[in-house]
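In what follows, a structure is listed as structure tokens, so that the remarks can point back to it.
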Amino acid sequence: MLIDYSQQDLREAVKAATDGRGADVVYDPVGGPLTEAAVRSLAWRGRLLVIGFAQGEIPQIPANLLLIKGTSRSACSGATSRGASRRPTARC
């Protein structure tokens, strides 16, 4: 499911699309101020996949949100650098 967050409230759109349950997985390549709304829209034991920060701002996610939703977050990167492992940093 894709949500145009410029046209509708992210949290409300996820809630409506999932019958109030929340998203099992949020793929976030943008970062910025919508990351917290994405975390708040996760279902119990949902996963936030942090892919990048295209928006430019690195979000500060309150740890208590992850705790009370029993959720996890993963930083995913396929990028490599000279001398570094050729494996991604996390399996997404």
Scanning the range 16-52 residue by residue, those farther than 15 Å from Ile3 by Cα, in contact with a helix residue (DSSP H, G or I) (Cβ under 9 Å, 6 or more places away or on another chain) and in a loop (DSSP other than H, G, I, E, B) turn out to be Arg21
Among the residues of the range 16-39, write down those that are β-branched (Val, Ile, Thr) and under 18 Å from Asn64 (Cβ atoms). Val26, Thr35, Val39
Of everything in the range 4-19, what is crowded, with 16+ Cβ neighbours inside 10 Å and touching a Leu at 6+ places or on another chain (Cβ under 7 Å)? Give them in sequence order. Leu10
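Rundown of residues vs (1) in contact with an Asp or Glu (Cβ under 9 Å, 6 or more places away or on another chain); (2) surrounded by 14 or more Cβ atoms within 10 Å (Cβ to Cβ); (3) at pLDDT 90 or above, yes/no style:
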{"site": "Val25", "(1), (2), (3)": "no, no, yes"}
{"site": "Leu42", "(1), (2), (3)": "yes, yes, yes"}
{"site": "Thr71", "(1), (2), (3)": "no, yes, no"}
{"site": "Ala79", "(1), (2), (3)": "no, no, no"}
{"site": "Gly83", "(1), (2), (3)": "no, no, no"}
List pairs: first in the range 13-25 and free of Cβ contacts under 8 Å to residues at least 24 places away in the same chain, second of a type in the set (Gly, Ala, Ser), Cβ under 7 Å, 6+ apart or cross-chain? Arg21/Ala43; Ala23/Ser41; Ala23/Ala43; Ala23/Gly46; Asp24/Ala43; Asp24/Gly46
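The values are calculated or read from the model by the stated rules, or taken from the named source; none is laboratory data. Every value quoted in this text rests on a predicted model; they were computed, and no experiment measured them. Every residue, glycine among them, receives a Cβ derived from its backbone with ideal geometry; neighbour counts consider all protein chains shown.
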